[in-house]
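> Would you mind keeping the following structure in view while I ask a few things?
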Amino acid sequence: MDLNRAQLIGNVTKDPEVRTTTSGQSVCSFGVATNSQWTDAQGQKQTRAEFHNIVAWGKLADICGQYLVKGKKIYVEGRLQTREWEAQDSTKKRTTEIVADNMIMLDRTGSAPTTSSGSSSAPVRSSQSSSDASSQIPTIVVNDANALSNVEKGMGDQEIRIEDIPF
């Protein structure tokens, strides 16, 4: 039995580049940096960054190109693949990259909560402040009295914060 899996949590190092092949399939390339920390023999904290090339195909490529930007924290899962080619100066080149199967955006900055009820009567928006957007708590605005009474039945007087949600 063989296994070729790579899992990374890191930061996007550059804005993704989306291209289309001659057959019409989307392909997206971007980089992810991961950091490791350790304490050396002298007790000094050391940090080292590793840089990984990521390639996504098809619908995942379109999603990566649309939503990812430099600096965004993401989880990427895929397989390692090595490509070889001959450069214009007749030298052989080789690179190893991760072909992504799955990507999850981990940053909450700028993201708005969504409703899972499928009801369009409860529009949702995120409150933003120029001081510290990462510590802002999203606000749900309900314009329909019936939807509001349904929400109040289950909540009582408790305030639900995004940090309290277990997923």
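> Report the residue count in segment 27-69 for those that are basic (Lys, Arg) and either closer than 20 Å to Gln7 by Cβ or outside any strand (DSSP E or B) (or both). Steps first, please.
Initial filter on segment 27-69 (basic (Lys, Arg)): 45, 48, 59.
With either closer than 20 Å to Gln7 by Cβ or outside any strand (DSSP E or B) (or both) added as a condition, the list becomes 48, 59.
The number of residues fulfilling the criteria is 2.
> Between a first residue in segment 49-60 that is within 12 Å of Pro16 (Cα to Cα) and a second residue that is of a type in the set (Asp, Glu), which pairs have beta carbons less than 6 Å apart while being 6 or more apart in sequence or on different chains?
Asn53/Glu97; Val55/Glu97
> A further question follows. Return the residues of segment 36-64 that are closer than 23 Å to Thr96 by Cα and in contact with an Asp or Glu (Cβ under 8 Å, 6 or more places away or on another chain); say none if nothing qualifies.
Listed by number, the residues that qualify are Ser36, His52, Asn53, Ile54, Val55, Leu60.
> Kindly establish whether Asn35 is over 15 Å from the mean Cα position of the chain (by Cα) and at pLDDT 95 or above. Before you say what the answer is, go through the steps one by one.
Details: over 15 Å from the mean Cα position of the chain (by Cα): yes; at pLDDT 95 or above: no.
Criteria not met by Asn35.
> How do the pairs read when you match residues in segment 82-111 that are free of Cβ contacts under 8 Å to residues at least 40 places away in the same chain and of a type in the set (Phe, Trp, Tyr) with residues anywhere that are in a strand (DSSP E or B) and surrounded by 10 or more Cβ atoms within 10 Å (Cβ to Cβ), using Cβ under 7 Å and keeping only pairs 6 or more apart or on different chains?
Hits for this filter: Trp85/Lys93.
> Scan Lys70, Lys45 and give me the residue that is loosely packed, with under 14 Cβ neighbours inside 10 Å, among the basic types (Lys, Arg) and within 13 Å of the chain's Cα centre (by Cα). Before the answer, list the steps.
On the way: Lys45 fails: within 13 Å of the chain's Cα centre (by Cα).
Selected residue: Lys70, the only one of Lys70, Lys45 that is loosely packed, with under 14 Cβ neighbours inside 10 Å, among the basic types (Lys, Arg) and within 13 Å of the chain's Cα centre (by Cα).
The values are calculated or read from the model by the stated rules, or taken from the named source; none is laboratory data. Quantities reported herein were computed from a predicted structural model and do not represent experimental measurements. All Cβ positions, glycine included, derive from the backbone under ideal geometry; neighbour counts span all protein chains shown.
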